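The values are calculated or read from the model by the stated rules, or taken from the named source; none is laboratory data. All values reported here derive from a predicted model rather than from experimental measurement. So basically every Cβ, Gly included, is an ideal-geometry build from the backbone, and we count neighbours across all protein chains shown.
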Amino acid sequence: MNPSIIARVLGIWLLMFSGSLLPPLITSLLYHDGETVHFSLLVLLSLISGLVVWLLSAKHKTQLRTRDGFIIVVVLWLITSVLGSLPFIFGPGLSIADALFESVSAFTTTGATVMTGLDSLPQSILIFRQEMQWLGGIGVVVSAIALLPMLGIGGMQMFKAETPGPMKDEKLTPRIAHTAQALWRLYLVMTVACALLYWVGGMNPFDAIAHSFSTVSTGGFSTHDASLGYFNSVFIETVASLFMLIGGINFGVHYLAWKKLSPAPYWQAIEVRVFLLFVLAVILLTTAVLYFEGAKPGILQSLRYASFTVASVVTSTGFGIDDFSVWPTLLPLLLILISFVGGCAGSTAGGMKVIRFVIMGKGAGLEIQRLVHPSMIKPLQLQGKVIDVRVADAVRGFFSVYVATFVLFMLFLMGQGLDQVTAFSAVATCMNNLGPGLGDVATNFQSVSDSAKWILSFAMLLGRLEIFTLLVVLSPSFWRR
C-alpha cells in the first residue's frame, strides 16, 4: 500500500468536490434561502483540507497498484458520503444517521430517503441532493480519472474497482483517462438533452435541471414529495422513461453508437437485446394485470402506469407516478424482484446486471447439455466469444456472496422489529440501489431505526460498488504483505 499516492488522489478529489459545491452555493445566493453560510463553510472545508492533503503528498511519485486502487475507491466513496451529509445536518437539521443515510443514498443513486416536505425545502438543498446523484451516477472514481490526468498514475486499477459489471477489462479507448472522458462527454450530452426536453414539457428551468440530474443518473430523487407524479404529464413521463432506459444501457454501447452514428450496436449487443426484451415483457404483463384487475381505467392508462413504473424500477431509478406497493396481486413483489436484474453492466443502473443473468443462463443451459452428452467438450460462449473461466467463476461467486449478504441484512432488520415484507424490500431496494420499497418503507425510511439505517447505508455502498470492492478491503488477507 502507498499512503502517499492515496493521499494525493484524495487531496485532489477534495479540491474537485469543493467545486461541485458551487452550484448549490450559487442557488442559495439567488434564492436567498438561508443556506449560503452552510455551503460556504463546506466549500472552505473541502478546499482547505484537499489543498493540505495534496501539498503533503504532491512530491511523491509512485506507481498505483491494484491494492491501492481498491483503497482509493472505498476511501473516496466514504469521504464523499460523509462530506455530503453535512448540508443535511446544518440545513434541515437531520440527525447524523439520517443525514448519512440521505447522503449515501444520493451518491449511490439509490433514491431512498428519510426526508419529507420536499416542496418547502430550500432550493439549494434540493439541487445539492440532485447533483450528488448526478455525480454518483457516472462514478466518483471515474470522475477523478477523467479530470485528473495530471496525477501521472495509471487509473485502470480504480476504474476496474468502481465500474459495475463482470468484464471490467474492456475499454472504449486505448487510455483509461480518455475512456473516462468519453463517458463524461456522453453523460453530459444526455443530461443537457434530458433537461431541455423536460423544459419543453412544462417544467420550470430549476425542476428541469434538477430532474435531469436524477434521471440520467437513474437516481430517482425529486424536488417534490409526489415525485414526477407532481407534474401529471404524459410527455414528461415519456421523456423520463426514455432517459431512464438510456441510463440503464451500457455506456460502452452508447459510445459505439455515437461514434458510428448508427443504432446497430444496440441490437448487436446481446445484453442490450435481453434487457430491452425483458423490459417489454414485464411492461406487457404489468399492463395486463392492471387492466384485467380494474386497477386503472382502460388499457391506455394501464399501459401508461405500467411502462413508466417498470422502466423506473428495472433501471433502479425509483421515480414514481403511483404507489405500486398497493397494486393488485403479484405486481408489488414482481416489481421488487425485477430490481434484482437491474440494467446493463457499465450503466448507471443498479441491480446484479443483465449480463450476469445471461452468463448464468448460458452456463445452466450448457450444464443441461453435458448431462445429456457427458463426453461433450464445449466452452461457455457469448456472442461467439469464449467466456474466460475466471469470469464465469466470478459471476457465480458474486451471486453466492450477494445472496448470503442479503440474507444476513434481512435477518438483522427483522431482529430490529421490522416485518418480513418491510425487511425484504428494504434490503432489496438498498442493495439494488432502487429507492422505494414495500410495507413501512414504501414511501420513505423515516420509521426505520438508526441502527437499521447504518446497516442499510452499508448495503447501498455494497450494491453500488458491487460487493467485492468493499468486502475485499475488509478482508484480513487484503492487509497482509
| request: Would you check if Phe70 is crowded, with 21+ Cβ neighbours inside 10 Å, touching a residue at least 12 places away in the same chain (Cβ under 8 Å), over 25 Å from Phe478 (Cα atoms) and under 27 Å from the mean Cα position of the chain (by Cα)? | output: no
| Filter result (exposed (fewer than 14 other Cβ atoms within 10 Å of the Cβ) and either within 14 Å of Phe231 (Cβ to Cβ) or of a type in the set (D, E, K, R) (or both)) within the stretch 176-204 | Arg185, Val200, Gly202, Asn204
| field | Residues (modelled with pLDDT under 85, surrounded by 14 or more Cβ atoms within 10 Å (Cβ to Cβ) and not in a helix (DSSP H, G or I)) located in the stretch 353-412 | value | Leu380, Leu382, Ile387, Asp388
| said: Of all residues being outside any loop (DSSP other than H, G, I, E, B) and either on the phi > 0 side of the Ramachandran plot or among the polar types (S, T, N, Q) (or both) in the stretch 413-429, which is farthest from the chain's Cα centre (by Cα)? Just the residue, please. | reply: Gln420
| message | From the list Phe319, Phe278, exactly one residue is surrounded by 20 or more Cβ atoms within 10 Å (Cβ to Cβ) and under 23 Å from the mean Cα position of the chain (by Cα). Which is it? | response | Phe319
| Has the stretch 255-263 got at least one residue that is surrounded by 20 or more Cβ atoms within 10 Å (Cβ to Cβ) and either farther than 20 Å from Ala193 by Cβ or under 24 Å from the mean Cα position of the chain (by Cα) (or both)? | no
| Pick from the stretch 42-57 the residues that are small (Gly, Ala, Ser) and farther than 8 Å from Gly11 by Cα: which of them is modelled with the lowest pLDDT? | Ser57
| remark: Given (1) of a type in the set (Val, Ile, Thr); (2) within 30 Å of Leu474 (Cα to Cα); (3) buried (at least 19 other Cβ atoms within 10 Å of the Cβ), Thr27 misses just (2)
| Those residues of the stretch 284-307 which are part of a helix (DSSP H, G or I), in contact with a helix residue (DSSP H, G or I) (Cβ under 6 Å, 6 or more places away or on another chain) and surrounded by fewer than 24 Cβ atoms within 10 Å (Cβ to Cβ), in sequence order | Thr287, Val289, Tyr291, Ile299, Ser302, Leu303, Ser307
